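Chemist: Would you mind keeping the following structure in view while I ask a few things?
The values are calculated or read from the model by the stated rules, or taken from the named source; none is laboratory data. In this text, all values refer to a predicted model and were calculated from it rather than measured experimentally. Here Cβ is always computed from backbone atoms with ideal geometry, including for glycine, and neighbour counts include all displayed protein chains.
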Amino acid sequence: MLEQIYKAHALMDEVCKALGRQINIMEVCGTHTVAIFRNGIKGTLPPKIKMLSGPGCPVCVTDAGYIDVALKLADDKSVIIATYGDMMRVPGTNGSLERKHSKNVKVVLSSTDALQLAQDNPGKTVVFLAVGFETTTPATAVVVRQAAELGIDNFTVLAAHKRILPAMKALLCEKNHKIDAFLCPGHVSVIIGSDAYVPIVREFARPCVVAGFEPLQIIEGLGEICRQLAKQEPEVKSVYNAVVTPQGNATAQQIINQCFEAADSYWRGLGKINNSAFRLKNQYARFDAFKRFGLEEKGAEDVTGCRCGEILCGLIDPPQCAMFGKTCTPDTPVGPCMVSSEGTCAAWFKYARKGKTAQ
Amino acid sequence: MTTNAVDKILLAHGGGGRLTDQLIRHNILPKLKNDILAELADAAKLELSSSSVCFSTDSYVVKPLFFNGGDIGKLAVCGTINDLAVAGAKPAVLGLALIIEEGFEFRLLEKILESAADTAKQNNVPIVAGDTKVVETGAADKIFINTAGVGTRLPGVDLGFDKIALGDKLIINGTIGDHGMAIICQREDIKFQSDLESDCAAVAELVCKILESIAGVKFMRDPTRGGLAATLNEIVIASGHSIEITEADIPVKPTAQAAADVLGFDILNVANEGKFVAVVSPESAENILSLCRNHPLGKDAQIIGSVVRTADAPVVELITRIGGRRIVQMPYGHELPRIC
Amino acid sequence: MCLAIPARIIELTDDKAVVDAMGNRFKARTTLLPEAKLGDLVLVHAGFAIGLVDEEEAKETWQLLAEIDAFWDTPNKLSG
């Protein structure tokens, strides 16, 4: 394994020397951000390679307003909130699900557990916090479909699933963006297929390389990006051949399309992006918790001084935010970049040397 | 009517009257079997081999009560024995206090007592004092246990944060994360089957052997809640020194790592109940490592790192498998399963 | 996103499977992977198998899987 690493590093060094300028690579996916930090990869890269951490952490792009809706629903004793653990510590405007200490908030490992909760508690309404990109969306679609088939009407979904490609395009349309290439999310790609990134290459001429989350995967992915940049031949390539195919998982895509349709949504820091979210189709509207409870997600105001938006676009690094490490820490998070275990700021805080930036 | 005809604990069993008396005489004493306890005095009279002692106490609220590799009774005894040992003392006696929820099944109480008794006996540490209280349904979660212990300080052994110095090595006696991951997969909401077993064990014998035969141990601690990460951070904060550890040298069972990966946990933050971290002089490290490896509770021992120069603030830094570096932070204190 | 691990299908009835990841056995659905069979190595995310894993590539990709082979082949520093 070490040999492959040396090879990739040698390639990166070579390319950096040849190009003679800074190379900005955006890892879109929060799990990549964390993997890069946990393995200390940044420190091993040539100084001319800069990693930008993009908005691919679904917790990061989940508005405080969404949490506020969930907290409000948790006040209703006839409701059971079923959520992945990731959402428990995300701050709403006034506290988080964890701090609420409600007996009716249950952490689940799978959407199927949430549906089971509904079946086991016929007197209550389960609200499943459905967050995540295309990797997680099919799991929600499966249980919505099942609930419809079995008539489990006390099951609802507070959907906030998002689509990765519109966000990637929006980033490339941002005026001051510095993105030279994308390290594409391995597991989203298992669902959507590596061919999904072809339009990005065609329209924006940026390399799109799909990698998994093991350190060697990331390093090989970065090496491949450098190779493409040196040859000025951007293309879609996957180094995650163990699981990613060009077409992706057709069954999963079909199930998503059966239950969801694209809708516009607001992303923290990026504003409104067209067709960037999944909304339940009309025939499944009765499972939509927003509709069932007559609630709307009010876009919460960004806290003054919170620069999560610029961080999510890769325009600044966490230490450039005045609140970083001072008023905003993992124990006292202000914005989602610090709250999420995958958030750029949380990763910097936890893994990078105190007082020094990671590069 | 003897208590054996009853299958659940009643409030009266903690009331200090006839039922309490029966519980103690018929169920507790016969298992814990020692002369001091049999006196049923208000306090145990002790003749210790030294007046220089260590004292420790801990409470146990683990769920589930019974898990692969042990139960709350064994845990309660091992936990306090280990705390005494890593402080440099030979455990001498234990106290055992039970707080039981009304309605708790008798046969489960018997099993727990037997387990505590067996563990105490195997380690030659009699339980010489005890107490039993019963609270109403809902006022406690089945059973809570407190153990307290006294140990005699080993002569010539003086462990402390202030003894830690630049260049010292860190040794762990085996694989990390086994207990925490074994427990978590038996929790109601998580529920998966695993080959994993808790590493719950009393390491006092091994620890005392090390301390009595090899000079050079500066400090020891058992990495329980918060895992190795918490213990290393505690050492760094208290000693003012920085620590550097090497990921590839930290022993982890593949099953434990995979279980952590499934849930999105950091194995460094996961509890251990049969492990100790020792900070030792560089000259003594290899000998201590050998001694560990020749003992059943230390066969997977490794030197995992060393005490290093501090740059700006004392930190725990990890050298990753690919040669990168990252800081190991003090854990939050409660790991939540993640999907992202 | 997101966390997903390779695991082997050791039981399968309709779309309900039990998978094994290095000695941890848990439930997963194969609803999204109808072509999955008993014995297949699959990628599991949030209780669902989302893709088939190529065994040879897997050893190159996941250190833990690669180590397991080495683990059995050589006298290792881990004793059990």
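Chemist: State yes or no: is B:LYS90 crowded, with 16+ Cβ neighbours inside 10 Å and of a type in the set (Lys, Arg)?
Modeler: On the way: crowded, with 16+ Cβ neighbours inside 10 Å: yes; of a type in the set (Lys, Arg): yes.
So B:LYS90 passes the test.
Chemist: Quick check on this structure: which one of A:ALA300, A:ALA289, A:ALA285, A:ALA262 is at pLDDT 90 or above and either surrounded by 16 or more Cβ atoms within 10 Å (Cβ to Cβ) or touching a Gly at 6+ places or on another chain (Cβ under 6 Å) (or both)? It would help to see each step written out before you state the result.
Modeler: Details: A:ALA300 fails: at pLDDT 90 or above; A:ALA285 fails: either surrounded by 16 or more Cβ atoms within 10 Å (Cβ to Cβ) or touching a Gly at 6+ places or on another chain (Cβ under 6 Å) (or both); A:ALA262 fails: either surrounded by 16 or more Cβ atoms within 10 Å (Cβ to Cβ) or touching a Gly at 6+ places or on another chain (Cβ under 6 Å) (or both).
Going through A:ALA300, A:ALA289, A:ALA285, A:ALA262 in turn, just one is at pLDDT 90 or above and either surrounded by 16 or more Cβ atoms within 10 Å (Cβ to Cβ) or touching a Gly at 6+ places or on another chain (Cβ under 6 Å) (or both): A:ALA289.
Chemist: Looking at (1) within 9 Å of another protein chain (Cβ to nearest Cβ); (2) within 22 Å of A:VAL108 (Cα to Cα), can you tell me which one A:GLY40 breaks?
Modeler: (2)
Chemist: Tally time: how many residues in the stretch C:13-36 are in a strand (DSSP E or B), surrounded by fewer than 19 Cβ atoms within 10 Å (Cβ to Cβ), in contact with a Lys or Arg (Cβ under 7 Å, 6 or more places away or on another chain) and away from chain B (no Cβ under 14 Å)?
Modeler: Total meeting the criteria: 1.
Chemist: Given the options B:ILE72, B:ILE99, name the one that is surrounded by 22 or more Cβ atoms within 10 Å (Cβ to Cβ) and at pLDDT 95 or above. Don't jump to the end; show me each part of the working.
Modeler: Numbers: B:ILE99 fails: surrounded by 22 or more Cβ atoms within 10 Å (Cβ to Cβ).
Answer to the check: B:ILE72.
Chemist: Condition (residue is more than 25 Å from A:PRO246 (Cα to Cα) and at the interface with chain A (Cβ under 9 Å from one of its Cβ atoms)) applied to the stretch C:39-54: is it met by at least one residue? Full working, then the answer.
Modeler: As a first pass, look at the stretch C:39-54 and keep what is more than 25 Å from A:PRO246 (Cα to Cα): none.
Looking through the stretch C:39-54, none of the residues is more than 25 Å from A:PRO246 (Cα to Cα) and at the interface with chain A (Cβ under 9 Å from one of its Cβ atoms).
Chemist: Among the numbered criteria (1) assigned by TED's automatic domain parsing to the domain that holds A:VAL188; (2) surrounded by fewer than 23 Cβ atoms within 10 Å (Cβ to Cβ); (3) under 27 Å from A:THR329 (Cβ atoms), which single criterion is violated by A:GLY54?
Modeler: Among (1) assigned by TED's automatic domain parsing to the domain that holds A:VAL188; (2) surrounded by fewer than 23 Cβ atoms within 10 Å (Cβ to Cβ); (3) under 27 Å from A:THR329 (Cβ atoms), the lone unmet condition for A:GLY54 is (2).
Chemist: Follow-up question, since we're still on this one. For A:ILE49, indicate whether it is crowded, with 19+ Cβ neighbours inside 10 Å, in contact with a Cys (Cβ under 9 Å, 6 or more places away or on another chain) and of a type in the set (Val, Ile, Thr).
Modeler: Numbers: crowded, with 19+ Cβ neighbours inside 10 Å: yes; in contact with a Cys (Cβ under 9 Å, 6 or more places away or on another chain): yes; of a type in the set (Val, Ile, Thr): yes.
When the stated conditions are applied, A:ILE49 passes them.
Chemist: Something else now. Return the residue satisfying two criteria in turn: it lies in the stretch B:312-340 and is in contact with a Phe, Trp or Tyr (Cβ under 6 Å, 6 or more places away or on another chain) and facing chain A (nearest Cβ under 7 Å), and of such residues it is surrounded by the fewest Cβ atoms within 10 Å (Cβ to Cβ). Before you say what the answer is, go through the steps one by one.
Modeler: Taking the stretch B:312-340 and keeping what is in contact with a Phe, Trp or Tyr (Cβ under 6 Å, 6 or more places away or on another chain), we get B:326-327, B:335, B:339.
The next check asks that each one be facing chain A (nearest Cβ under 7 Å); those that pass are B:326-327, B:339.
On the way: B:ARG326: 25, B:ILE327: 18, B:ILE339: 27.
Only one residue tops the list, namely B:ILE327.
Chemist: So which residues in the stretch A:223-257 are touching a residue at least 40 places away in the same chain (Cβ under 8 Å), among the small types (Gly, Ala, Ser) and under 27 Å from A:VAL144 (Cα atoms)?
Modeler: A:GLY248, A:ALA252
The rows are residues; the columns are (1) within 11 Å of chain C (Cβ to nearest Cβ); (2) more than 17 Å from the chain's Cα centre (by Cα); (3) assigned to a helix (DSSP H, G or I); (4) hydroxyl-bearing (Ser, Thr, Tyr).
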site	(1), (2), (3), (4)
A:VAL90	no, no, no, no
A:GLU98	no, yes, yes, no
A:LEU117	no, yes, yes, no
A:PRO122	no, yes, no, no
A:VAL126	no, yes, no, no
A:ALA130	yes, no, no, no
A:PRO138	yes, no, yes, no
A:VAL143	yes, yes, yes, no
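Chemist: Can you confirm whether B:ILE172 is surrounded by 18 or more Cβ atoms within 10 Å (Cβ to Cβ) and within 14 Å of chain C (Cβ to nearest Cβ)?
Modeler: Working: surrounded by 18 or more Cβ atoms within 10 Å (Cβ to Cβ): yes; within 14 Å of chain C (Cβ to nearest Cβ): yes.
Here the answer is yes, as B:ILE172 does meet what is asked.
Chemist: Return a yes/no flag: does the stretch A:40-50 have any residue that is within 19 Å of the chain's Cα centre (by Cα), in the same structural domain as A:PRO207 (by TED's automatic domain parsing) and under 17 Å from A:GLU220 (Cβ atoms). If you could, list the steps in order and put the result at the bottom.
Modeler: Quick first cut of the stretch A:40-50, residues within 19 Å of the chain's Cα centre (by Cα) only: none.
Within the stretch A:40-50 (the criterion being within 19 Å of the chain's Cα centre (by Cα), in the same structural domain as A:PRO207 (by TED's automatic domain parsing) and under 17 Å from A:GLU220 (Cβ atoms)), the answer is no, since none of the residues qualifies.
Chemist: A follow-up question, please. Answer with yes or no whether B:GLN257 is more than 22 Å from A:VAL339 (Cα to Cα), within 13 Å of chain A (Cβ to nearest Cβ), touching a residue at least 24 places away in the same chain (Cβ under 8 Å) and within 24 Å of the chain's Cα centre (by Cα). Lay out the reasoning, then the answer.
Modeler: Details: more than 22 Å from A:VAL339 (Cα to Cα): yes; within 13 Å of chain A (Cβ to nearest Cβ): yes; touching a residue at least 24 places away in the same chain (Cβ under 8 Å): yes; within 24 Å of the chain's Cα centre (by Cα): yes.
Yes: the conditions hold for B:GLN257.
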